[in-house]
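K.L.:
Starting off with a structure, shown below.
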Amino acid sequence: MKRRTFFKLGVLGTALTFVKPSKAGELISSTVSDPNFGSVVISTWDHGLAANDNAWKVLGKGGAALDAVEKGVRTTENDLSNRSVGIGGRPDRDGHVTLDACIMDERSRCGAVAYLEGIKHPISVARTVMENTPHVMLVGAGAKQFALDYGFPKVKSPLKEVKQDWKEWKKEHKEVFEKPVINHENHDTIGMLAIDDKGNLSGACTTSGWGYKLPGRVGDSPIIGAGLFVDNEVGAACATGLGEAVIRIAGSHTVVELMRQGKSPEEACKLAVERIIAKHEDLEGLQVGFLALNKRGEYGGYSVYNGFNYAVTDDNTGSKLVDAKSDRNW
Ligand code: GLY
């Protein structure tokens, strides 16, 4: 697997001080940002390329990062051929497609839905929770009722062909009532982070979760601090892969806090990956990837195993797919 370094310097080529040590040694953050750094959007996996394109339709016109990330990940939710995001996703063990999503903006406002069935755009329901309720997360039947009350149409899931696959899978996996097995080829989750031309950060994360998961299972993706975290003073992070491992270390929050301590986005992701590795005796099949974007528009990623890639779109280079670094081969 080809590996690359993918840091991007601000177009000014100078470091804008956004976190600096005080006399007492603690860190003080400044929200000052320089619009000259330009807008950037990054997102997980190759499905991120199409998602970034749509996010850029907002960012490229001077729109807000929040609008960009919502529009961006809706692209993936709309893609019925995607088996790990949206209603085209694989169902749980019992044949129900249940969706998880969250969104967070530059004001630390956040919204999430989990275990949501029969609604095409969980990310927009998450945003509606954020903007219209005093709550952060709605789940299951309550989340669905909320979505219907706000006019989101009901859709059928699983898709016919997904249901057929699930039936085959059940026949071949008599052990399904014990412990499902994660497949690292099952590119789960789109996590997207963006900074707009005002220097504001937002993020979004959406998934159908672990294919053939136990009914009731919720992963990291809708959990603020695990699948996604944004602190507009510092940066933003998101995660993909085995949600249980991400939750154990409050993964995305950890990455942002490491950036607050002065780590680059890639270093912060690497340290979070190392923490996951340290917390697990058995790494077999345990893939997790982190992405991070800081206040200067610098970005990076790291994963437990190789094979994780992400899409980057910015003012300078257009769109590209980047292989995240890792220290392990599958
Ligand atoms: N990272 C997605 C999940 O574990 O559900």
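K.L.:
Quick check: at a probe of 1.4 Å, how many percent of the accessible area of the range 207-330 sits on carbon and sulfur atoms?
P.N.:
Roughly 45 percent, rounded to a whole number.
K.L.:
Here's something else I'd like to know. Under the √(5λ) rule applied to the eigenvalues of the Cα gyration tensor, what semi-axes describe the equivalent ellipsoid of the range 225-330? Give them in Å, descending.
P.N.:
Equivalent-ellipsoid dimensions as semi-axes: 21, 17, 10 Å.
K.L.:
Right, something else. Please list LYS144, LYS163 in order of solvent-accessible area, largest first, computed with a 1.4 Å probe with all protein chains present.
P.N.:
LYS163, LYS144
K.L.:
At q = 0.16, 0.27 Å⁻¹, what is the base-10 log of I(q)/I(0) for the range 91-154 according to the Debye formula with one equal point scatterer per Cα and no solvent? Please give it to two decimals.
P.N.:
-0.45, -1.10
K.L.:
For the range 311-320, take each phi angle, set θ = phi - 60°, evaluate the Karplus expression 6.51 cos²θ - 1.76 cosθ + 1.60, and give the result in whole Hz per residue in order, putting x for glycine and proline.
P.N.:
9, 10, 10, 8, 5, 8, 10, x, 10, 8
K.L.:
Let a ≥ b ≥ c be the square roots of the eigenvalues of the Cα gyration tensor of the range 56-211; is it rounded (a/c under 1.5), or, if not, prolate (a/b larger than b/c) or oblate?
P.N.:
prolate
K.L.:
Starting at 0 and stepping by 10 Å, how many percent of the alpha carbon pairs of the range 155-305 end up in each bin?
P.N.:
P(r) for the range 155-305, in whole percents per bin: 12, 38, 29, 16, 5, 0.
K.L.:
Still on this structure, I have one more. Sort MET104, MET137 by heavy-atom solvent-accessible area, probe 1.4 angstrom, most to least.
P.N.:
Ranking MET104, MET137 by accessible area, largest first, yields MET137, MET104.
K.L.:
By how many nm would the segment from GLU161 to LYS320 grow when fully extended, if each residue of separation counts as 0.36 nm and the alpha-carbon distance is taken off?
P.N.:
54.1 nm
K.L.:
What is the log10 of I(q)/I(0) for the range 270-309, computed with the Debye formula using one identical point scatterer on each Cα and no solvent, at q = 0.20, 0.32 Å⁻¹?
P.N.:
The Cα Debye sum returns log10 ratios of -0.61, -1.11.
K.L.:
For MET137, which sequence-distant residues (separation of 5 or more, or a different chain) have an amide H within less than 5 Å of its own amide H, given hydrogens modelled in the peptide plane?
P.N.:
ALA112
K.L.:
Provide GLU281, GLU168 ordered by accessible surface of protein heavy atoms (probe 1.4 Å), highest first.
P.N.:
So, going from the largest accessible area down, we get GLU281, GLU168.
K.L.:
The range 209-278: percent of C-alpha pairs farther apart than 13 Å?
P.N.:
Beyond 13 Å sits 60 percent of the P(r) for the range 209-278.
K.L.:
Order the peptides 209-216, 83-90 from the highest to the lowest mean number of other Cβ atoms within 10 Å of their residues.
P.N.:
83-90, 209-216
The values are calculated or read from the model by the stated rules, or taken from the named source; none is laboratory data. The structure displayed is predicted, hence computed values, not measured ones. Quick reminder, even Gly has a Cβ in these numbers, built from the backbone with ideal geometry, and neighbours come from all protein chains shown. Note: areas computed on protein heavy atoms with side chains; ligands, DNA, RNA excluded. Shrake-Rupley method; radii C 1.70, N 1.55, O 1.52, S 1.80 Å.
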